[in-house]
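Trainee: Shown below is the structure under consideration.
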Amino acid sequence: MAKPLIQVALDSLDYEQTLALARQAAPYVDIIEIGTPCLKVNGLALVKAIKAAHPDKLLFVDLKTMDAGYYEAEPFFKAGADITTVLGTADLGTIKGVVDVANAYGKQAQVDLINVEDKATRATEAAKLGAHIIGIHTGIDQQLAGQTPFADLAALVALGLNVKVSVAGGIKQATVQQVVKAGPDIVVIGGAITGSPAAELASREIRELVDAAA
């Protein structure tokens with residue numbers, strides 16, 4: 001089994017706290033994500049700061065683009081993003097725009113399937129457009145309602161599409177090995193690290209669990 005990449009999702013609205021969390025998690029993760037709420041408050045300045053501080057890490061900018069794909073994503077690739085997201089509910093032309101600009105900069109586009117009803121069809125369409133990553137994503141509000149990403153992850157992996165598969169949604173120490181064994185390429189950890197009183201320790205625990213399961 002190939003070892004998946006670990007992505008830490010940073011959703012704090014506070015600029016300095018986000019930099020501190022990135023610094024604590026960085027030794028144990030492969031991808032640093034600037035989450036959508038954080039990005040809306042802090043913008044391009046934070047993208048540039050995190051890329052400068054961690055040039056050896058992939059930088060994931062969760063734009064959740066819904067329209068004007070090329071136009072919206074391009075400034076973030078220029079600022080240092082390695083991956084940006086476009087919503088699976090967007091028009092196929094919008095998805096293609098983000099894929100095209102990612103390719104133009106030698107970067108990656110992820111299609112986020114949050115709230116997509118027919119995930120198999122949209123994932124297949126996105127893969128045909130050249131999406132680099134398809135993301136299974138159970139949102140925070142959905143998690144509060146008791147939903148998990150596990151069934152959707154298994155269904156997406158079973159499609160065998162020629163794309164990387166990412167999974168996010170309440171994954172923690174108790175469940176991360178179950179997720180790894182389902183076969184994603186990227187495992188996204190948010191609150192289990194950022195909500196911990198010891199973010200560095202939590203990051204190391206996740207790293208050890210993933211390495212042991214892979």
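Trainee: Taking θ = phi - 60°, what integer Hz values does the Karplus form 6.51 cos²θ - 1.76 cosθ + 1.60 yield along the range 21-34, in sequence order, with x for Gly and Pro?
Mentor: With coefficients 6.51, -1.76 and 1.60, one gets 5, 4, 5, 6, 7, 3, x, 10, 10, 9, 10, 9, 9, 8 Hz.
Trainee: Report the one residue of Ala199, Gly130, Asn115 whose Cα lies farthest in the direction of the positive end of the charge dipole of the range 110-214 (charges on C-beta: Lys and Arg +1, Asp and Glu -1; origin at the Cα centre).
Mentor: Of the candidates, Gly130 comes out farthest on the positive side.
Trainee: First compute the accessible area of the chain with a 1.4 Å probe, then give the percent of it belonging to carbon and sulfur atoms.
Mentor: Details: 4920 of 9380 Å².
Carbon and sulfur: 52 percent of the exposed surface of the chain.
Trainee: Now, a different point. Among DSSP beta bridges whose residues both lie in the chain, state the antiparallel percentage, nearest 5.
Mentor: Values: 0 of 30 bridges.
Looking only at bridges with both residues in the chain, the antiparallel portion is about 0 percent.
Trainee: Starting from one equal scatterer on each C-alpha and no solvent at all, send me the Debye-based log10 I(q)/I(0) for the range 25-92 at q = 0.14, 0.18, 0.19, 0.21 Å⁻¹, two decimals.
Mentor: So the normalised log intensities work out to -0.40, -0.63, -0.70, -0.83.
Trainee: Quick check on the chain: helices-only [θ] at 222 nm, where DSSP H runs of length 4 and up contribute -39,500 (n - 2.57) each and the sum goes over total residues. Nearest 500, please. Present the calculation step by step, with values, prior to reporting the outcome.
Mentor: Values: 10 runs with 103 residues, N = 214.
Theoretical 222 nm ellipticity from helices: -14500 deg cm²/dmol.
Trainee: Using θ = phi - 60° and the Karplus relation 6.51 cos²θ - 1.76 cosθ + 1.60, list the HN-Hα couplings for the range 117-133 in order, rounded to whole Hz, with x at every Gly or Pro.
Mentor: In residue order, the calculated couplings are 6, 9, 5, 5, 5, 5, 4, 5, 5, 5, 4, 5, 6, x, 3, 8, 9 Hz.
Trainee: With every protein chain left in place, what is the accessible area per residue of the chain in square angstrom, probe 1.4 Å? Mind showing how you got there, number by number?
Mentor: Details: 9380 Å² over 214 residues.
Roughly 44 Å² per residue, with all protein chains present.
Trainee: Another one. For Gly135, which sequence-distant residues (separation of 5 or more, or a different chain) have an amide H within less than 5 Å of its own amide H, given hydrogens modelled in the peptide plane?
Mentor: Val111, Asp112, Leu113, Ser166
Trainee: Net charge around Pro197, counting only other residues with Cβ within less than 15 Å of its Cβ (Lys, Arg = +1; Asp, Glu = -1)?
Mentor: Working: positive: Lys172, Arg204; negative: Glu200, Glu205.
Local net charge: 0.
Trainee: Counting only the backbone N, which residues of the range 170-186 are under 19 Å from the spot 7 Å out from the Cα of Leu144 toward its beta-carbon?
Mentor: 170-171
Trainee: Would you mind classifying the range 5-213 by shape? Square roots of the alpha carbon gyration tensor eigenvalues, ordered a ≥ b ≥ c; an a/c under 1.5 is rounded, otherwise it is prolate if a/b is larger than b/c and oblate if not.
Mentor: oblate
Trainee: Run the numbers on the range 5-213 and let me know its relative contact order in percent, using alpha-carbon pairs under 8 Å that are six or more apart. Provide the component values of the computation, followed by the final result.
Mentor: Working: 412 pairs, mean separation 38.1, N = 209.
Relative contact order here is 18 percent.
Trainee: Another question, then. Can you work out ³J(HN,Hα) from phi for every residue in the range 186-192, in order, using Karplus 6.51 cos²θ - 1.76 cosθ + 1.60 and θ = phi - 60°, giving whole Hz and x for Gly and Pro?
Mentor: 9, 10, 9, 10, x, x, 4
Trainee: Moving on to the next point. I want the local charge near Lys119. Using Cβ-Cβ distances under 13 Å, sum +1 for each Lys or Arg and -1 for each Asp or Glu among the other residues. Intermediate values should be presented prior to the final figure.
Mentor: Working: positive: Arg122; negative: Asp112, Glu117, Asp118, Glu125, Asp152.
Its environment carries a net charge of -4.
Trainee: For Phe60, what is the net charge nearby, where nearby means another residue's Cβ is under 14 Å from its Cβ and Lys, Arg count +1, Asp, Glu -1? Mind dumping the intermediate values first?
Mentor: Details: positive: Lys51, Lys57, Lys64, Lys107, Lys164; negative: Asp11, Asp30, Glu33, Asp62, Asp82, Asp112, Asp185.
Residues close to Phe60 contribute a combined charge of -2.
The values are calculated or read from the model by the stated rules, or taken from the named source; none is laboratory data. Since we're looking at a predicted model, the values are computed, not measured. Counting neighbours? That spans all protein chains shown, and the Cβs are built from the backbone with ideal geometry, glycine included. Remember, those area values only see protein heavy atoms, side chains included, never the ligands or the DNA or RNA. Shrake-Rupley method; radii C 1.70, N 1.55, O 1.52, S 1.80 Å.
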